[in-house]
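The values are calculated or read from the model by the stated rules, or taken from the named source; none is laboratory data. Only a predicted model underlies this, so the values are computations on that prediction, with no experimental measurement involved. Glycine gets a Cβ as well: all are built from the backbone with ideal geometry, and neighbour counts include every protein chain shown.
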Amino acid sequence: MIYLLLSILTSTLILVIFRMFKKYNINTFQAIVVNYAVAFTIGFSLFSNDLKLDAQADHNWIYFTLIVGVLFISLFNLMAKSSQENGIGVTSVVVKMSLAIPVVAAILLYNESYDLLKIIGVVLAILGVILISYKKSNTEKNKNVIWLFVLFLGSGSLDLLLNYVEKNQLESLSPGLFSGFAFGVAGTIGVLVLLVQLLKGKMNFELKNVWAGILLGVPNYFSIYFLIEALRSPLLEDSTTYAFNNVGIVLGSFFLGLLFFKEKLTPLKTTGLVVAVVAIFLLAF
């Protein structure tokens, strides 16, 4: 349970840091690239001793670090594109709805137990997340709907893949080292894209973006590490872990938004809060 709470805490901190980027005029892409380098460094520094001979002989995990790393950087760019084309509100709702993919997959693929209360709890968790996250878009009609669909599938598939890796590919490699390598792949791709943009004169590099990336990289690394460790816990089934994790992140960022960023408490958000609390109660008991 402690890993689940730490995953919620670090993931919520990421959202707070992103919110601060706008205030200090940080170039998000540059900070993201630095953040991947920092996350890789943390993972390799802390867990390099976990690279056992079996892991060096068994190369299957390498392919999964490549896939996860590509998903990290690709989903970030998709979210940025969708936020610009469809609005932040629509994009946020799509990402949160992707919770349905790993939850349903955990029940179908891993034969997890389920009953009517659990099904209602999961549905209410998704609904509560949507209500709290939803913001009216400035655009009357969603553009590039295909990218919204891809973003939905990609976000859900990333969670599903992390669950599969935890169950089937981490016998010879620790979660800490796997996370570090995956961030390393994402960082390598990001550096190449950044270099191209700098050489073409499309972007100016600023030192403050490096510091912002370092600040982001620490919680970003541990959010994935703690989530994988939470999935390993026998106390909760995977579907319940995902539901708790997503609802916890949304509730945490919701309250921080009220306290520190003076966000308004709307009837829709209040309804979402009540629904989310009911969902947590049903899932817990």
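Quick test of your reading of the structure: residue 181 fulfils all but one of (1) modelled with pLDDT of 85 or more; (2) aromatic (Phe, Trp, Tyr); (3) more than 27 Å from residue 38 (Cα to Cα). Name the failing condition by number.
(3)
Quick one: what pairs do we get from region 1-26, first residue among the basic types (Lys, Arg), second outside any helix (DSSP H, G or I), C-beta under 8 Å, 6+ apart or different chains?
19/261
Of the residues 235, 192, 268, 273, which single one is over 26 Å from residue 25 (Cβ atoms) and loosely packed, with under 14 Cβ neighbours inside 10 Å? Walk me through how you get there before you give the answer.
Numbers: 192 fails: over 26 Å from residue 25 (Cβ atoms); 268 fails: loosely packed, with under 14 Cβ neighbours inside 10 Å; 273 fails: loosely packed, with under 14 Cβ neighbours inside 10 Å.
After applying the criteria, what remains is 235.
For residue 283, indicate whether it is assigned to a helix (DSSP H, G or I), more than 27 Å from residue 33 (Cβ to Cβ), touching a Leu at 6+ places or on another chain (Cβ under 9 Å) and at pLDDT below 85.
Details: assigned to a helix (DSSP H, G or I): yes; more than 27 Å from residue 33 (Cβ to Cβ): yes; touching a Leu at 6+ places or on another chain (Cβ under 9 Å): yes; at pLDDT below 85: yes.
So residue 283 passes the test.
Which residue, of 94, 103, 123, 129, is part of a helix (DSSP H, G or I) and either modelled with pLDDT of 80 or more or more than 16 Å from the chain's Cα centre (by Cα) (or both)?
Values: 94 fails: either modelled with pLDDT of 80 or more or more than 16 Å from the chain's Cα centre (by Cα) (or both); 103 fails: either modelled with pLDDT of 80 or more or more than 16 Å from the chain's Cα centre (by Cα) (or both); 129 fails: either modelled with pLDDT of 80 or more or more than 16 Å from the chain's Cα centre (by Cα) (or both).
None of the others qualify; the one that does is 123.
Mind listing whichever residues of region 99-117 are in contact with a helix residue (DSSP H, G or I) (Cβ under 7 Å, 6 or more places away or on another chain) and surrounded by 13 or more Cβ atoms within 10 Å (Cβ to Cβ)? Give the derivation first.
Residues of region 99-117 in contact with a helix residue (DSSP H, G or I) (Cβ under 7 Å, 6 or more places away or on another chain): 99-103, 105-107, 110, 112, 114, 117.
Passing the criteria: 99, 100, 101, 102, 103, 105, 106, 107, 110, 112, 114.
Within region 255-269, does at least one residue satisfy the condition of being of a type outside the set (D, E, K, R), within 30 Å of residue 109 (Cα to Cα), part of a helix (DSSP H, G or I) and in contact (Cβ under 8 Å) with a residue 60 or more places away in the chain? Please lay out each step first, then the result.
Just the residues of region 255-269 that are of a type outside the set (D, E, K, R), to begin with: 255-261, 265-268.
Within this subset, residues satisfying the condition of being within 30 Å of residue 109 (Cα to Cα) are none.
No, that holds for no residue.
Just to be sure, is residue 214 under 16 Å from the mean Cα position of the chain (by Cα), surrounded by fewer than 22 Cβ atoms within 10 Å (Cβ to Cβ) and either not hydrophobic (A, V, I, L, M, F, W, C) or not in a loop (DSSP other than H, G, I, E, B) (or both)?
When the stated conditions are applied, residue 214 does not pass them.
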